[in-house]
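Worksheet: one structure, shown below.
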Amino acid sequence: MLVIFYLDKEVNERMLNKRSPSATAIRQKRVDSRESTPVRQLKKHEESNVIKKVVQCALLNGGIFLLSILLFEYGVLPSINKLFDLLFGTNSFMTRVVWYWIEYISLLLFRTAWVIPLFLLSKIINALWFQDIADSAYRYSRGRPVFFQSISKFLADSIFSVVIQFLFLFQATLSSYIPLHPVGYILALAQTCLLYSLYSFEYKWFNMGWELHKRLTFIEVNWPYFIGFGLPLAVVTQLSESWIISGCLFSILFPLFIISGNEANPVTGINHFSVHFFSPVVAVSNTLFSVTIGNPKRRVTRSSAETTRAQQQRLH
């Protein structure tokens, strides 16, 4: 994770070295003749700024979002409660009832007017920042990404990946409700670790041109390594029972795991058996897509068969 301290410098030096002097001179002349925008601003816009994005993620999710929740729920509300007790007493039944409704309405207004909008906004901003960090880290260590052959293949892989991740998260949550407490907790924790590892490595594998089935198979075959990789992030996000606070902690630390996944070389070839953690959700996803979208080839075959049957009836 120490790569972030010299990643920007290396990427920017490579970008400058790739530019030829003639191209740079022509670009400078065009900028100076057509617009009044300084060349320094154009260069600054093209530079890699991973450290800036990591700090922005920490400030948005930790300094603004998480801190505001903690201050309101553990600072403002307890202070108002103590002031309310000093003014009206603590033993009165009416005091407890009135304070219950005041606390309930205050939390409802705070979460509706502040937490939910900021949570949705932060998700969109985080997704953009995470992608920028992943692309810069990939260019630093591996060069240009490998793009999919067609846009339809790219969209299909992305949509199916999102569905798989959502169903796998639901599967991990269901595992935690197994009556045997140690078994349920261990299964849920292991699947959460694998999911976080998939989140972290998927940026690199996607840029390498790996399709979804290859990404999932690689995790299932080398599952001990990926459980260990995602374990720190899984433990930290389970420290709080609030899913919003857990989401803030995840967003603060996840950029470091993106860079770690990009720089890591997974240990392979030492595991003698694979555990098909993703097989149930893949089967459910295939069923959902087959029911909702259907099989175009089957429809084409059926329509051609009906046409042939109609022609035979006309001949008879």
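The values are calculated or read from the model by the stated rules, or taken from the named source; none is laboratory data. Keep in mind the model is a prediction, meaning the values are calculated, not measured. Methodologically, a virtual Cβ is constructed for each residue, glycine included, from the backbone with ideal geometry; neighbour enumeration extends over all protein chains shown.
A few points about this structure:
- Among the numbered conditions (1) in contact (Cβ under 8 Å) with a residue 24 or more places away in the chain; (2) surrounded by fewer than 18 Cβ atoms within 10 Å (Cβ to Cβ), the only one that P232 does not meet is (1).
- Hits in the range 240-274 - residues which are among the hydrophobic types (A, V, I, L, M, F, W, C) and farther than 21 Å from L107 by Cβ: F250, I252, L253, F254, L256, F257, I258, I259, A264, V267, I270, F273
- Residue check for F170: surrounded by fewer than 17 Cβ atoms within 10 Å (Cβ to Cβ), at pLDDT below 90 and not polar (S, T, N, Q): no
- If the condition is being at pLDDT below 85 and either of a type in the set (A, V, I, L, M) or surrounded by 12 or more Cβ atoms within 10 Å (Cβ to Cβ) (or both), then the range 269-283 contributes I270, N271.
- Consider the range 146-167 and keep the residues that are modelled with pLDDT of 90 or more and aromatic (F, W, Y). The one that is nearest to L194 (Cα to Cα) is F166.
- Any hit, the range 69-88, residues being touching a Ser or Thr at 6+ places or on another chain (Cβ under 6 Å), over 24 Å from C248 (Cβ atoms), in the same structural domain as A58 (by TED's automatic domain parsing) and modelled with pLDDT under 90: yes
- Residue among F206, F229 that is at pLDDT 95 or above and out of contact with any Leu (no Cβ under 7 Å at 6 or more places or on another chain): F229
- Test result for L212, crowded, with 18+ Cβ neighbours inside 10 Å, closer than 24 Å to R142 by Cβ, at pLDDT 95 or above and not charged (D, E, K, R): no
- Some residue of the range 136-146 being under 18 Å from I219 (Cβ atoms) and part of a helix (DSSP H, G or I): no
- Looking only at residues of the range 207-229 that are within 17 Å of the chain's Cα centre (by Cα) and touching a residue at least 60 places away in the same chain (Cβ under 8 Å), we find that the one that is nearest to Q56 (Cα to Cα) is N207.
- Index of the failed condition, E202 passing every other in (1) in a helix (DSSP H, G or I); (2) surrounded by fewer than 18 Cβ atoms within 10 Å (Cβ to Cβ); (3) charged (D, E, K, R): (2)
- Flag for I116 being in a helix (DSSP H, G or I), hydrophobic (A, V, I, L, M, F, W, C), surrounded by 13 or more Cβ atoms within 10 Å (Cβ to Cβ) and in the same structural domain as L239 (by TED's automatic domain parsing): no
- Residues (modelled with pLDDT under 90 and of a type in the set (F, W, Y)) located in the range 105-145: F119, Y138, Y140
- Of all residue pairs spaced 6 or more apart or on separate chains, those with beta-carbon atoms under 7 Å, a first member in the range 60-79 that is within 14 Å of L109 (Cβ to Cβ) and a second member that is among the small types (G, A, S) are L77/S106.
- Within the range 168-222, tally of residues that are touching a Gly at 6+ places or on another chain (Cβ under 6 Å) and among the aromatic types (F, W, Y): 2
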